[in-house]
Amino acid sequence: MGGLERFVRRIWPGPNPLRRRTDRFEPIALVVVLLLAAIAVGAAAGIAEQQRSSGMRQAERERAVRRQVVADVAEVRSAGTLERSVTVRWGRPPDERVATVEIPAEAGVPASIPLWLDERGRVTAPPLSAAEVARGAGLAGAAVLLGSASVTALLYAGARWWVLRRRLAAWDAEWREIEPRWRSWFG
């Protein structure tokens, strides 16, 4: 007997005369769980791909309107334990610009730093990288997969609990019927 046959015989009660009505419910619940798991994997992959393509379009839009400049550090305004505020200047007069930015404290104070500017010339974050987009898409897919796995596991546990309660109730009813006969027979 092959492994698949043993697996099917283990989960499906077959024509056993001792099987209970609830014995048919468990394999059906297992099949439903497996179908939900397959749907969840597909949904997670679809959401991850949608997030990736959306993120890549956003990154392309950001790269189209943002530009990088090298700004000279003019003054150190404050030094914290994690970040340090510095005033930077870029451009030539009369278009010279000044801004205050935060840099990591452990980096020291460089003579110049690269800045990203938006379409209006304001300091902004760099455009998303392909790695950041992929990480966000992977996290979205993993969140969907983890959430659906949790819900599916809870549903399966609830189904097993319901089956157990039904079995115990059936055994209790059978015992109430048989116990008086046993008592009279033995005693």
Once the Cα atoms of the stretch 28-187 are picked out, what are the Rg and Dmax in Å?
31.9, 112
Can you sort Trp90, Trp116, Trp162 by 1.4 Å-probe accessible area, starting with the largest?
Trp162, Trp116, Trp90
Got a sec to turn the phi values of the stretch 147-152 into Karplus ³J(HN,Hα) couplings, 6.51 cos²θ - 1.76 cosθ + 1.60 with θ = phi - 60°, whole Hz, x for Gly and Pro?
x, 5, 5, 5, 5, 5
Taking a crude spin-label model, label points 7 Å out from Cα along the C-beta direction, the Leu164 to Glu106 distance in nm is 4.9
Quick calc: nm separation of the 7 Å Cα→Cβ label points for Arg66 and Ala125 -> 0.8
Ignoring ligands, DNA and RNA, what percent of the accessible area of the chain is carbon or sulfur (1.4 Å)?
60
Could you tally the net charge around Val123, taking each other residue with its Cβ under 13 Å from the Cβ of Val123, Lys/Arg +1 and Asp/Glu -1?
+3
Sorted by chain and number, the residues with a modelled amide H under 5 Å from that of Arg84, at a separation of 5 or more or across chains, are Ile103, Ala105
Quick one: accessible area per residue over the chain, 1.4 Å probe, rounded to a whole number of Å²?
74
Projecting the Cα atoms of Trp90, Gly108, Met56 onto the charge dipole of the stretch 52-148, where Lys and Arg contribute +1 and Asp and Glu -1 at Cβ, the residue farthest towards the positive end is Met56
Rounded to one decimal in nm, the spacing of the 7 Å Cα→Cβ label points at Thr22 and Ala38 is 2.9
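For the chain, what does -39500 (n - 2.57) per DSSP helix run (n ≥ 4), summed and divided by total residues, give at 222 nm, in deg cm²/dmol to the nearest 500? It would help to have the intermediate numbers written out before the result.
Values: 3 runs with 107 residues, N = 187.
It comes out at -21000 deg cm²/dmol, rounded to the nearest 500.
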Any idea what the alpha-carbon Rg over 2.2 N^0.38 Å comes to for the stretch 123-187?
2.58
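After finding the eigenvalues of the alpha carbon gyration tensor for the stretch 1-97, what semi-axes result from the square roots of 5 times each, listed largest first in whole Å?
Details: eigenvalues 913, 67, 23 Å².
Gyration-tensor ellipsoid for the stretch 1-97: 68, 18, 11 Å.
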Once the Cβ-Cβ distance between Ala99 and Ala134 is put in as r, and R0 is 22 Å, what FRET efficiency do you end up with, to the nearest 0.05?
0.10
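The values are calculated or read from the model by the stated rules, or taken from the named source; none is laboratory data. This one's a predicted model, so the numbers in the text were calculated from it and none came from an experiment. All Cβ positions, even for glycine, are placed from backbone atoms using ideal geometry, and neighbour counts span all protein chains on display. Protein only, heavy atoms only, side chains kept; ligands, DNA and RNA dropped before computing areas. Shrake-Rupley method; radii C 1.70, N 1.55, O 1.52, S 1.80 Å.
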